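See structure below.
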Amino acid sequence: MKRSKSEEEYVFATERFEDRKLVNILGRDVAFFNFGGDDIIAIDAHCYHKGGSLIEGDIEDIADRTCIVCPLHQYRIDLHTGECIAGGLGRYYSKGEKQRVHNIKICEDGIYIQKIDEIAEFDSDWYCDDTSELRKKRKRKMYY
Ligand code: FES
């Protein structure tokens with residue numbers, strides 16, 4: 001059976017799971033968070049700042065946003081938009097979309113993830129997998 005173009009854009013990622021799960025898909029580490037039912041989010045697993053492991057972060061509601069708190073330097077990343085949320089004492093602001101949030105498709109046999117759009121770049125791309133180590137050394141960026 002020939003698959004339609006939109007089907008080809010997605011690859012199988014994981015079977016259903018509870019809570020959270022780290023999956024390597026086509027060489028890229030992706031963190032999945034399950035909030036119940038079909039409320040599942042997939043983001044790059046390594047923090048855009050300096051590669052902290054977001055799968056180990058705490059989840060907090062900040063300014064009506066569901067954020068993952070990076071265990072390394074406590075940056076807060078909106079799980080729905082990938083924005084870094086800065087500020088405090090009731091005054092928060094976005095530092096922009098830093099972390100790649102992946103499009104997913106939930107099917108009976110599991111969860112599929114959309115292949116990366118090569119044109120759109122996110123800061124978290126620098127830490128997406130182990131093979132980007134050389135690239136990181138050559139062209140190190142600091143993100144704040
Ligand atoms: S590595 Fe995540 S906040 Fe620094």
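The values are calculated or read from the model by the stated rules, or taken from the named source; none is laboratory data. Keep in mind that this is a model prediction, so the values were computed, not measured. Ideal geometry is used to build each Cβ from the backbone, glycine not excepted, and the neighbour counts take in all protein chains shown.
Taking the condition touching a strand residue (DSSP E or B) at 6+ places or on another chain (Cβ under 9 Å), buried (at least 18 other Cβ atoms within 10 Å of the Cβ) and under 17 Å from Asp129 (Cβ atoms), does Leu22 pass? I'd like the intermediate steps shown before the answer.
On the way: touching a strand residue (DSSP E or B) at 6+ places or on another chain (Cβ under 9 Å): yes; buried (at least 18 other Cβ atoms within 10 Å of the Cβ): no; under 17 Å from Asp129 (Cβ atoms): yes.
Here the answer is no, as Leu22 does not meet what is asked.
Which numbered condition trips up Gly87, out of (1) under 25 Å from Ala13 (Cβ atoms); (2) small (Gly, Ala, Ser); (3) without any contact (Cβ under 8 Å) to a residue 40 or more places away in the chain?
So the condition that Gly87 fails would be (1).
Scanning for something of a type in the set (S, T, N, Q), surrounded by fewer than 19 Cβ atoms within 10 Å (Cβ to Cβ), within 25 Å of Ala13 (Cα to Cα) and at pLDDT 85 or above, does the range 117-137 turn up at least one residue? Reasoning before the result, please.
So in the range 117-137, the residues of a type in the set (S, T, N, Q) come out as 124, 131-132.
Now narrow it down to the ones that are surrounded by fewer than 19 Cβ atoms within 10 Å (Cβ to Cβ): 131-132.
With within 25 Å of Ala13 (Cα to Cα) added as a condition, the list becomes 131-132.
Retained after the next criterion (residues that are at pLDDT 85 or above): none.
For the range 117-137, residues of a type in the set (S, T, N, Q), surrounded by fewer than 19 Cβ atoms within 10 Å (Cβ to Cβ), within 25 Å of Ala13 (Cα to Cα) and at pLDDT 85 or above: absent.
Mind telling me which of the residues Thr66, Thr14 ends up being touching a Gly at 6+ places or on another chain (Cβ under 8 Å), surrounded by 12 or more Cβ atoms within 10 Å (Cβ to Cβ) and of a type outside the set (Phe, Trp, Tyr)?
Values: Thr66 fails: touching a Gly at 6+ places or on another chain (Cβ under 8 Å).
Answer to the check: Thr14.
Which one of the conditions (1) farther than 25 Å from Gly90 by Cβ; (2) within 9 Å of the ligand (Cβ to nearest atom); (3) exposed (fewer than 13 other Cβ atoms within 10 Å of the Cβ) does Gln74 fail to meet, given that it meets all the rest?
Of the numbered conditions (1) farther than 25 Å from Gly90 by Cβ; (2) within 9 Å of the ligand (Cβ to nearest atom); (3) exposed (fewer than 13 other Cβ atoms within 10 Å of the Cβ), the odd one out for Gln74 is (1).
Mind listing just one residue for me: the one in the range 42-71 that is away from the ligand (no atom under 16 Å from the Cβ), touching a strand residue (DSSP E or B) at 6+ places or on another chain (Cβ under 7 Å) and closer than 19 Å to Lys95 by Cβ and, of those, modelled with the lowest pLDDT? Walk me through it before giving the result.
At the first step, the residues of the range 42-71 found to be away from the ligand (no atom under 16 Å from the Cβ) are 42, 61, 63-66.
From what's left, touching a strand residue (DSSP E or B) at 6+ places or on another chain (Cβ under 7 Å): 42, 63, 65-66.
Right, trim to closer than 19 Å to Lys95 by Cβ and you get 63, 65-66.
Numbers: Ala63: 90, Arg65: 96, Thr66: 97.
Among those residues, the one meeting the criterion is Ala63.
Would you check if there is a residue in the range 5-26 being within 16 Å of the ligand (Cβ to nearest atom), outside any loop (DSSP other than H, G, I, E, B) and under 15 Å from Asp123 (Cα atoms)?
Within the range 5-26, the first condition is being within 16 Å of the ligand (Cβ to nearest atom), and the residues that meet it are 22.
Narrowing the set further to residues that are outside any loop (DSSP other than H, G, I, E, B) leaves 22.
From what's left, under 15 Å from Asp123 (Cα atoms): none.
Scanning the range 5-26 turns up no residue that is within 16 Å of the ligand (Cβ to nearest atom), outside any loop (DSSP other than H, G, I, E, B) and under 15 Å from Asp123 (Cα atoms).
List pairs: first in the range 102-126 and on the phi > 0 side of the Ramachandran plot, second at pLDDT 90 or above and surrounded by 12 or more Cβ atoms within 10 Å (Cβ to Cβ), Cβ under 8 Å, 6+ apart or cross-chain?
Gly110/Phe12; Gly110/Ala13; Gly110/Thr14; Gly110/Arg16
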